[in-house]
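Colleague: Below: one structure in structure tokens.
The values are calculated or read from the model by the stated rules, or taken from the named source; none is laboratory data. These numbers were taken from a predicted model, which means no experiment stands behind them. All Cβ positions, glycine included, derive from the backbone under ideal geometry; neighbour counts span all protein chains shown.
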């Protein structure tokens, strides 16, 4: 637990973004997670990303399931509505919320127990439907709140704090997201803010389902030797496929071409992703390539990070359902009720 | 030979068919033809959990007096399924009729001496007139409708009109259907004159009533009530509700200029997801519902508890059926009353509405959407297979154009800006209902973090006992407020002073009303109260208090509504006597009458004779 109280008053000289907010305006309550928890770093990256994107905090809805990770939405974006739903079911609640009002930005926060065990079904189906959301999976391979049981993302052969060896094959959420049709798939590490912040920004700007699996070591139950989700293990085995720069719009691009291996991926909202490829044959717009790379890296025991796949022209659920542009929660009887005259005709047809 | 049953506008015809043989539309044509002659009918599908091959029945009760419950017994069996022959023949009332295809002769042992047998060479006629095997099958159904129309005296013009409406714009199908009908009609005119003592005579007893199934009616109620999000998972007998919603939305909710949909329907991966979507949409201020049945409700219960404690509007239409797994679930029951009233973990209870017929399915579906937002809680519409999947004659749908949706207590950006105090779980009006805000309302005020139980009145994280107690006591107060908002129970007063009362609900209505008359004829008088919602109003308590004994008539084994009356309304169980029907078939007036008569005799209560009435 972090005991440092956050002062409410901001220093007047704090830098403001284009919509007039300081970075502090994107913070939330004091975290109650363990000191050094990877999840808090992810919360910090989210705060940074939303601030840099000039998103008004109240235009974000943040939803989560149950678990340590799912508690975190209370610790950032304090002026956004949040919803701590039920275990493993954040995707469905977020889907409904998104249908009710398409004008907000939807952030789903989940953990590996929440998404890969109890919620594997909803995880897969939300990807299929293309709900416009950013899905952050804070992946530590362990159940923290119930004190140290393996989760379904724990690698086979990895060791629990109390010494048990995991004998079950792991669920690879990134591969699953790719198969199920997520249109933005990335993996990162909570300790790598330089990589994570641009990824989050790009995910938010993306117009379909964006999924980021963030390896986030559990300092209490999964940071020992023998764990494959510890700080040390991930630092040693992290293999980045690319380094990402995110540009909010085309206008803002400064010409800064570095040597070979740079890809520009225009997004639906005119923003630009610039990827510095570290692996020369990696093309993030090719889903099959992405799946192959992920599988090969896993075989070598590497954690492949970076933007693994992006479909720049992804459509979302609203496009699939051809829904009305105005938010449903603003429609009233005038727009929705066909009226007594029509009902009389329906009655006549039933006689 | 037993005396022939002779009846005009008051008999039961049952069709025994093979599932998937195309009999449904022919049988429906038969049923509707009576309506067009001004004679009420009440048809029921009795169908298996199967697509093709298993037996299926369609029972039509012709009833000029308008008794729309199932009568029990069969006057004319149209036996088209060799598989169920013995059982079907057995079911015919003595003096009744058996209509069958006599192309192949059957031994005398296959019949009964006390019934009248009417044979017609349907297979031969089809083989003579059609070459295509599918046509032979389909038109056989229309041919027997023609023969029945002739024998019963259904006006051929009425059938021609119905066929014309059915195949409007499909002329290719129109003519062969009319021909098949004529084929059967003329055969019977010639060969089966006076074979049947059951007759139809034009009447004027239908009025302006409509003929519709409860699932379609509830779906239309959701359209009128402003539902924009529907999430569902296929389950008999509720699937046609979501499909009807889709159909009605396609007609009534597409923006004319843009072609865009003012609705979103998601067929979810399971009921966990469908209720999750409904809860998410409700949290974010859209009107949302799901349609399901018992097993679906079981899967949804975790979310229902969350929605109860987090105070999120949700409408769940439960088309009740006979329990888990497959088979009996294609039969009707009222067996989810307790499961829904107390659905979920922790201290929970929920608002239930009990529609009697499709008219109320429409009305209560729309009202449930208002109640869910007013009360910020899940609301169940408790229909069942009998209402949901059978067309029922009922009052036409009504809508008042001046009606406004009740969106409940939602704090606006202006109110927040003006500095109005916002405590998400604070009882400011004394009715237990707090204010809520939609996400994105105001830049600096009104945002809150939604959780289950761990919170104080201002939605801040709190595990403190007093905060929890304040909250759940407020929820109780809110449940009290619900009593003032839900549909009131309806009293049918006995014509004679009555010491007995009868409480009933939902699809039991039509059978109950018929039973009340039959009981009165035997000198047993009862005031009847149709409960239309839970929580119960005080009137229900008063009703029980003012009678010596009150019968509680239900279609389940465990007397579930009675349990609620005892447990929640504090009614003395000694005052209540259960009358329970739960074999999967719809309850009948005969059953209710017999049960109550027997109980009254056993109670050794001397029936009050009309001339001795006090």
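Colleague: Under the condition of being farther than 21 Å from residue A:81 by Cβ and away from every other protein chain (no Cβ under 14 Å), which residue from the range B:453-473 is surrounded by the most Cβ atoms within 10 Å (Cβ to Cβ)?
Modeller: Filtering the range B:453-473 for residues that are farther than 21 Å from residue A:81 by Cβ and away from every other protein chain (no Cβ under 14 Å), the one surrounded by the most Cβ atoms within 10 Å (Cβ to Cβ) comes out as B:470.
Colleague: Another question about this same structure. In the range A:103-154, which residues are over 18 Å from residue A:183 (Cα atoms), assigned to a loop (DSSP other than H, G, I, E, B), within 14 Å of chain B (Cβ to nearest Cβ) and touching a strand residue (DSSP E or B) at 6+ places or on another chain (Cβ under 9 Å)?
Modeller: Residues satisfying the conditions are A:104, A:119.
Colleague: Go through the residues of the range A:287-295 one by one and say whether even a single one is modelled with pLDDT under 85 and over 24 Å from residue A:207 (Cβ atoms).
Modeller: Scanning the range A:287-295, I find no residue that is modelled with pLDDT under 85 and over 24 Å from residue A:207 (Cβ atoms), so the answer is no.
Colleague: Just wondering, is there one or more residues in the range A:49-64 that are closer than 22 Å to residue B:454 by Cα, in contact with a strand residue (DSSP E or B) (Cβ under 9 Å, 6 or more places away or on another chain), facing chain B (nearest Cβ under 8 Å) and not in a helix (DSSP H, G or I)?
Modeller: Within the range A:49-64, one or more residues are closer than 22 Å to residue B:454 by Cα, in contact with a strand residue (DSSP E or B) (Cβ under 9 Å, 6 or more places away or on another chain), facing chain B (nearest Cβ under 8 Å) and not in a helix (DSSP H, G or I).
Colleague: Which residue is farthest from the other protein chains (Cβ to nearest Cβ), if the candidates are limited to the range A:295-310 and must be surrounded by 21 or more Cβ atoms within 10 Å (Cβ to Cβ) and closer than 18 Å to residue A:180 by Cβ? Let's see the steps before the verdict.
Modeller: To start, the set of residues in the range A:295-310 that are surrounded by 21 or more Cβ atoms within 10 Å (Cβ to Cβ) comprises A:303-310.
Adding the requirement that they be closer than 18 Å to residue A:180 by Cβ leaves A:307-310.
Working: A:307: 28, A:308: 25, A:309: 23, A:310: 25 Å.
Filtering first and then ranking leaves A:307.
Colleague: Scan B:69, B:73, B:22 and give me the residue that is surrounded by fewer than 20 Cβ atoms within 10 Å (Cβ to Cβ), under 29 Å from residue A:351 (Cα atoms) and touching a strand residue (DSSP E or B) at 6+ places or on another chain (Cβ under 9 Å). Don't jump to the end; show me each part of the working.
Modeller: Numbers: B:69 fails: surrounded by fewer than 20 Cβ atoms within 10 Å (Cβ to Cβ); B:22 fails: touching a strand residue (DSSP E or B) at 6+ places or on another chain (Cβ under 9 Å).
Every option except B:73 fails the conditions.
Colleague: Considering only the range B:393-421, how many residues are away from chain A (no Cβ under 11 Å) and touching a strand residue (DSSP E or B) at 6+ places or on another chain (Cβ under 9 Å)?
Modeller: Result for the range B:393-421: 3.
Colleague: So, one more: When you scan the range A:117-126, how many residues do you find that are touching a helix residue (DSSP H, G or I) at 6+ places or on another chain (Cβ under 6 Å), surrounded by 24 or more Cβ atoms within 10 Å (Cβ to Cβ) and in contact (Cβ under 8 Å) with a residue 40 or more places away in the chain?
Modeller: Our first condition is that a residue be touching a helix residue (DSSP H, G or I) at 6+ places or on another chain (Cβ under 6 Å); within the range A:117-126, this holds for A:122-124, A:126.
Filter again for surrounded by 24 or more Cβ atoms within 10 Å (Cβ to Cβ), leaving A:122-123, A:126.
Then keep just the ones that are in contact (Cβ under 8 Å) with a residue 40 or more places away in the chain; that gives A:123, A:126.
Of the residues in the range A:117-126, 2 are touching a helix residue (DSSP H, G or I) at 6+ places or on another chain (Cβ under 6 Å), surrounded by 24 or more Cβ atoms within 10 Å (Cβ to Cβ) and in contact (Cβ under 8 Å) with a residue 40 or more places away in the chain.
Colleague: Note down all Cβ pairs under 7 Å where the first residue falls in the range B:529-554 and is surrounded by fewer than 18 Cβ atoms within 10 Å (Cβ to Cβ), the second is in a loop (DSSP other than H, G, I, E, B), and they're at least six residues apart or on different chains.
Modeller: Within 7 Å, the pairs are B:539/B:488; B:539/B:489; B:541/B:569; B:541/B:571; B:548/B:499.
Colleague: Can you find even one residue in the range B:168-184 that is under 30 Å from residue B:292 (Cβ atoms) and within 14 Å of chain A (Cβ to nearest Cβ)?
Modeller: Checking the range B:168-184: not a single residue is under 30 Å from residue B:292 (Cβ atoms) and within 14 Å of chain A (Cβ to nearest Cβ).
Colleague: Any idea which of (1) free of Cβ contacts under 8 Å to residues at least 12 places away in the same chain; (2) away from chain B (no Cβ under 12 Å) is the one residue A:96 doesn't satisfy?
Modeller: So the condition that residue A:96 fails would be (2).
Colleague: Which one is surrounded by the most Cβ atoms within 10 Å (Cβ to Cβ), of the residues in the range B:425-447 that are under 19 Å from residue A:75 (Cα atoms) and at the interface with chain A (Cβ under 7 Å from one of its Cβ atoms)?
Modeller: B:439
Colleague: Can you say whether residue B:450 is within 13 Å of chain A (Cβ to nearest Cβ) and modelled with pLDDT of 95 or more, as far as the supplied structure shows?
Modeller: yes
Colleague: Kindly state which helices (runs of 4 or more DSSP H) lie completely within the range B:267-355 and contain at least 3 residues that are within 10 Å of another protein chain (Cβ to nearest Cβ) and under 24 Å from residue B:451 (Cβ atoms).
Modeller: The qualifying helices (runs of 4 or more DSSP H) are B:271-283, B:294-310.
Colleague: Still on this structure, I have one more. Here is a list: B:176, B:113. Which entry is in contact (Cβ under 8 Å) with a residue 24 or more places away in the chain and not in a helix (DSSP H, G or I)?
Modeller: B:113
Colleague: A follow-up question, please. Mind telling me which of the residues B:15, B:30 ends up being touching a helix residue (DSSP H, G or I) at 6+ places or on another chain (Cβ under 7 Å), crowded, with 23+ Cβ neighbours inside 10 Å and not in a strand (DSSP E or B)?
Modeller: Going through B:15, B:30 in turn, the sole match is B:30.
Colleague: Right, here's the next one. Residue by residue through the range A:79-91, note down the ones that are within 19 Å of residue A:204 (Cα to Cα) and either free of Cβ contacts under 8 Å to residues at least 40 places away in the same chain or more than 7 Å from every other protein chain (Cβ to nearest Cβ) (or both).
Modeller: Scanning the range A:79-91 gives A:80, A:81, A:82, A:83, A:90, A:91.
Colleague: Hey, residue B:192 hits all of (1) within 14 Å of chain A (Cβ to nearest Cβ); (2) surrounded by 15 or more Cβ atoms within 10 Å (Cβ to Cβ) but one; which does it fall short on?
Modeller: Only one criterion is unmet by residue B:192, namely (1).
Residues are listed down the side, and each one gets a yes or a no for (1) over 30 Å from residue A:325 (Cβ atoms); (2) surrounded by fewer than 20 Cβ atoms within 10 Å (Cβ to Cβ); (3) outside the structural domain of residue B:272 (by TED's automatic domain parsing):
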{"residue": "B:178", "(1), (2), (3)": "yes, yes, yes"}
{"residue": "B:187", "(1), (2), (3)": "yes, yes, yes"}
{"residue": "B:204", "(1), (2), (3)": "yes, yes, yes"}
{"residue": "B:218", "(1), (2), (3)": "no, no, no"}
{"residue": "B:256", "(1), (2), (3)": "no, yes, no"}
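Colleague: To continue, here is another question. Among B:596, B:524, B:553, B:577, which is the only one that is assigned to a helix (DSSP H, G or I) and at pLDDT 95 or above?
Modeller: B:596
Colleague: Using the structure shown, decide if residue B:359 is assigned to a loop (DSSP other than H, G, I, E, B) and either more than 30 Å from residue B:28 (Cβ to Cβ) or within 14 Å of chain A (Cβ to nearest Cβ) (or both).
Modeller: Details: assigned to a loop (DSSP other than H, G, I, E, B): no; either more than 30 Å from residue B:28 (Cβ to Cβ) or within 14 Å of chain A (Cβ to nearest Cβ) (or both): yes.
Taking the combined requirement at face value, the residue does not satisfy it.
Colleague: Report, by residue number, each residue of the range A:133-158 that is over 11 Å from residue A:229 (Cβ atoms) and surrounded by fewer than 24 Cβ atoms within 10 Å (Cβ to Cβ).
Modeller: Correct list: A:143, A:145, A:146, A:147, A:148, A:149, A:152, A:156, A:157.
Colleague: State which residue is farthest from residue B:478 (Cα to Cα) when the search covers only the range B:364-386 and only residues that are in contact with a helix residue (DSSP H, G or I) (Cβ under 6 Å, 6 or more places away or on another chain) and part of a helix (DSSP H, G or I).
Modeller: B:386
Colleague: Condition (residue is buried (at least 22 other Cβ atoms within 10 Å of the Cβ), without any contact (Cβ under 8 Å) to a residue 60 or more places away in the chain and closer than 29 Å to residue B:368 by Cβ) applied to the range B:561-569: is it met by at least one residue?
Modeller: Checking the range B:561-569: at least one residue is buried (at least 22 other Cβ atoms within 10 Å of the Cβ), without any contact (Cβ under 8 Å) to a residue 60 or more places away in the chain and closer than 29 Å to residue B:368 by Cβ.
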